[in-house]
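S.K.: For reference, the structure I am asking about is given below.
The values are calculated or read from the model by the stated rules, or taken from the named source; none is laboratory data. As the structure is a computational prediction, the values presented were derived from the model and not from experiment. Backbone-built Cβ (ideal geometry, glycine too); neighbour counts: all protein chains shown. The area values use the complete protein model at the heavy-atom level, side chains included, leaving out ligands, DNA and RNA. Shrake-Rupley method; radii C 1.70, N 1.55, O 1.52, S 1.80 Å.
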Amino acid sequence: MTTINNNYLKLQGSYLFSTVAKRVAAFKAANPTETVISLGIGDVSRPLVPAVVEAMHKAVDEMGEAATFRGYGPEQGYSFLREAVLKGDYLSRGINLSADEIFISDGAKSDVANFQELFSSESKVALQNPVYPVYLDTNVMAGRTGAFENGRYGGIVYLPCVEANNFAPELPKEHADIVYLCSPNNPTGSALTRAELKKWVDWALEHNSVILFDSAYEAFISDDDIPHSIYEIEGAEKVAVEFRSFSKTAGFTGTRCAYTVVPKALEISDVRGGKASLNALWLRRQTTKFNGVPYIVQRGAEAVYSPEGFKQTREVIAGYKENARVILDALKNAGITAYGGDNAPYIWLKTPAGLDSWGFFDKLLTEARVVGTPGVGFGSCGEGFFRLTSFNTPELTREAAARVAALKF
Ligand code: PLP
């Protein structure tokens, strides 16, 4: 008899975005002449920059010629891109890694989802609340949790990120083997300072724990005090894996390219009392289950590190950051307390006038015709908060901001 992986049955329905879509569709059907603007999207709106497009065109031409055609590439990425990442993102910051510690992939989502496979099913997992839901759901699928009760899964160490701790998770009081840290954070838009991150690295070194550090929004960091990489912290190469993506850095959400850094210094215990290299195991896993990112896409990603590509992508990010400033100003004018936006494309506002996350969603939709995302959808500690994003066009962002600023509570 075939039986199902019961852990999948523990998953909660992903109601957040489907409920948002349903409520928006109902509003539009009842108000066909109204224009609704979305500040809820987690996708970019600006196209690929010219340097990336040019590199991809050239790569397409190479694929059409027998002499330069490429078939299967190395599962872990072509060395031209691994070297470009190494130089552009690490050596330039004084971080000593080597190209074989960088694994190119088709997305940070799949990498943060898959990496947990390398750990035993008894491993205790800690994660921020609220946070990007993929960390939790993939550990539910892998059987590392109990049932879902009162808004929480048994067996998970939740790290509240709330106003009182400035949305920075505190060290857990109980043991955790694996901790997911997302900085800059989706959805709170806050980022861990050097001192905060050092606390985590020291804790992991002391407790033999591993930090899975998701810095998909690294390119949005402006403050000098916020590390771009966890490896800026001494000793992190012994305890941390880092996930990065070209999605938000260079508009690759549809093109698909990312990378994961697994330092060779990172070793964990095996059952025989020996040590296993996570780098060697991740290579083994990727070469078995993954067949690499298309050559054309990797050439496009490489172009992000060229002088023109860098300049062009930074201009796009500067535009999104300007959108964030426009939204923050509008919220201030409406008397709404808001966080984030300085080092992330996300603005995390405190729902005013006693409204809960969904109550604010309805008010924003019906009175301002603006769509955002209820904070409670990212975890129980997101109740009473709401996420707006800076990814829409400048024109629509300004229009939405003016509508928000005019709200009365
Ligand atoms: N990590 C975080 C925190 C995200 O918010 C997202 C996308 O929204 C991802 C990873 C996914 O990145 P990618 O497009 O590279 O799969």
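S.K.: Could you figure out which of (1) of a type outside the set (D, E, K, R); (2) open to solvent by less than 10 Å² (accessible area, probe 1.4 Å); (3) assigned to a loop (DSSP other than H, G, I, E, B); (4) under 20 Å from ILE268 (Cα atoms) isn't true of HIS175?
M.R.: (2)
S.K.: Can you name the condition, by its number, that MET63 falls short on among (1) within 16 Å of the ligand (Cβ to nearest atom); (2) under 30 Å from SER306 (Cβ atoms); (3) surrounded by fewer than 21 Cβ atoms within 10 Å (Cβ to Cβ); (4) among the hydrophobic types (A, V, I, L, M, F, W, C)?
M.R.: Result: MET63 passes all but (1).
S.K.: Then there's this: Suppose the filter is at pLDDT 95 or above, more than 15 Å from the ligand (Cβ to nearest atom) and touching a Phe, Trp or Tyr at 6+ places or on another chain (Cβ under 7 Å); does VAL262 pass it?
M.R.: So VAL262 fits the description; yes.
S.K.: TYR72 versus (1) outside any loop (DSSP other than H, G, I, E, B); (2) over 27 Å from GLU308 (Cβ atoms): which is the lone unmet condition?
M.R.: Every condition holds for TYR72 apart from (1).
S.K.: Quick check on my filter: what residues within segment 321-342 are buried (at least 24 other Cβ atoms within 10 Å of the Cβ) and in contact with a Phe, Trp or Tyr (Cβ under 9 Å, 6 or more places away or on another chain)?
M.R.: Those that are buried (at least 24 other Cβ atoms within 10 Å of the Cβ) and in contact with a Phe, Trp or Tyr (Cβ under 9 Å, 6 or more places away or on another chain): ASN323, ALA324, GLY340, GLY341.
S.K.: Open to solvent by 30 Å² or more (accessible area, probe 1.4 Å), away from the ligand (no atom under 16 Å from the Cβ), among the charged types (D, E, K, R) and part of a strand (DSSP E or B) - does that describe any residue in segment 139-160?
M.R.: Looking for residues that are open to solvent by 30 Å² or more (accessible area, probe 1.4 Å), away from the ligand (no atom under 16 Å from the Cβ), among the charged types (D, E, K, R) and part of a strand (DSSP E or B), one finds at least one in segment 139-160, hence yes.
S.K.: Separate question: Of everything in segment 231-259, what is open to solvent by less than 50 Å² (accessible area, probe 1.4 Å), more than 10 Å from the ligand (Cβ to nearest atom), touching a residue at least 40 places away in the same chain (Cβ under 8 Å) and under 19 Å from LYS198 (Cα atoms)? Give them in sequence order.
M.R.: Selection gives TYR231, VAL241.
S.K.: Also, quick follow-up: So the check is Cβ under 8 Å with 6+ separation or different chains; which pairs have a first residue in segment 40-52 that's of a type in the set (Ser, Thr, Tyr) and a second one that's open to solvent by less than 50 Å² (accessible area, probe 1.4 Å) and within 14 Å of the ligand (Cβ to nearest atom)?
M.R.: What qualifies is SER45/PHE391.
S.K.: Hey, another quick one. Can you find a residue that is more than 14 Å from GLY382 (Cβ to Cβ), away from the ligand (no atom under 13 Å from the Cβ) and among the polar types (S, T, N, Q) anywhere in segment 165-179?
M.R.: Within segment 165-179, one or more residues are more than 14 Å from GLY382 (Cβ to Cβ), away from the ligand (no atom under 13 Å from the Cβ) and among the polar types (S, T, N, Q).
S.K.: Let me ask something additional. Have a look at LEU97, LEU136, LEU118 and point out the one that is closer than 30 Å to TYR295 by Cβ, open to solvent by 10 Å² or more (accessible area, probe 1.4 Å) and touching a strand residue (DSSP E or B) at 6+ places or on another chain (Cβ under 7 Å).
M.R.: The match here is LEU97.
S.K.: Also: Which one of the conditions (1) open to solvent by 10 Å² or more (accessible area, probe 1.4 Å); (2) among the aliphatic types (A, V, I, L, M); (3) more than 16 Å from the ligand (Cβ to nearest atom) does VAL201 fail to meet, given that it meets all the rest?
M.R.: For VAL201, the exception is condition (1).
S.K.: I'm told TYR78 meets every condition in (1) in contact with a helix residue (DSSP H, G or I) (Cβ under 9 Å, 6 or more places away or on another chain); (2) at pLDDT below 95 except one. Can you identify the failing condition by its number?
M.R.: (2)
S.K.: Among the residues that make up segment 266-286, is at least one of them open to solvent by 30 Å² or more (accessible area, probe 1.4 Å) and within 16 Å of the ligand (Cβ to nearest atom)?
M.R.: No: segment 266-286 contains no residue that is open to solvent by 30 Å² or more (accessible area, probe 1.4 Å) and within 16 Å of the ligand (Cβ to nearest atom).
S.K.: Would you mind finding the one in LEU349, LEU364 that is closer than 30 Å to LEU11 by Cβ, modelled with pLDDT of 95 or more and either touching a Phe, Trp or Tyr at 6+ places or on another chain (Cβ under 6 Å) or assigned to a loop (DSSP other than H, G, I, E, B) (or both)?
M.R.: Selected residue: LEU349, the only one of LEU349, LEU364 that is closer than 30 Å to LEU11 by Cβ, modelled with pLDDT of 95 or more and either touching a Phe, Trp or Tyr at 6+ places or on another chain (Cβ under 6 Å) or assigned to a loop (DSSP other than H, G, I, E, B) (or both).
S.K.: Keeping to segment 99-119, report how many residues are over 14 Å from the mean Cα position of the chain (by Cα) and without any contact (Cβ under 8 Å) to a residue 40 or more places away in the chain.
M.R.: Residues that pass the stated criteria total 1.
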